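The values are calculated or read from the model by the stated rules, or taken from the named source; none is laboratory data. None of the values given here were measured: they were computed from a predicted structure. Counting neighbours? That spans all protein chains shown, and the Cβs are built from the backbone with ideal geometry, glycine included.
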Amino acid sequence: MSFLTTLRQKIEFRLYTLGFSSDIVRHLLCTQILLCVVPLIAGILLCPITLWPLSFTAGALIATYSIWNIARFAEAHVNLEFTTTLGLKLFFSFSGRFLLIGVALFALIVWFKLPIIPLVIGLSSTVAGIVTWGVARLSRKTAKEA
């Protein structure tokens, strides 16, 4: 078994113990977490040379935080009947998360002076994670059919 497979299994098990019961959600979150690990290691190693890997990792961590919270909310509330209270929880959950993300981005750009381009690319890593997850699911489905 490869290192990546073992790491994926450990992360998915940890996500399961944290309450993510859906296989799909766990796999998606695990993919996003793994997309943060490689640039973080590169950022630590290359920090004296350039801040781009750390800036990318900061963006990817913010994106991971966002998708983590969306998945947590969805897991907890997907089977509930929609009520005004649930709608208000949803509104304040999203608004609060966006406020925190805005403050974090302000701090990273203004106070820490991280490069903006890799930060934005890191923020869009969620799209790469979802595409990777989707391609993996599709390839498993077509392999089973063949």
(request) Tell me, yes or no, whether the range 44-67 has at least one residue that is surrounded by fewer than 18 Cβ atoms within 10 Å (Cβ to Cβ) and at pLDDT 85 or above. (result) yes
(message) Against the definition (small (Gly, Ala, Ser), closer than 26 Å to PHE91 by Cα and without any contact (Cβ under 8 Å) to a residue 60 or more places away in the chain), how does ALA63 come out, yes or no?
(response) no
(message) For the range 71-84, give me each residue that is under 19 Å from LEU100 (Cβ atoms) and either surrounded by 15 or more Cβ atoms within 10 Å (Cβ to Cβ) or more than 19 Å from the chain's Cα centre (by Cα) (or both).
(response) ALA71, ARG72, PHE73
(message) Residues that are of a type in the set (S, T, N, Q) and buried (at least 20 other Cβ atoms within 10 Å of the Cβ): does the range 7-30 have at least one?
(response) no
(request) Return a yes/no flag: does the range 64-71 have any residue that is touching a Gly at 6+ places or on another chain (Cβ under 8 Å), under 20 Å from VAL131 (Cβ atoms) and aromatic (Phe, Trp, Tyr). (result) no
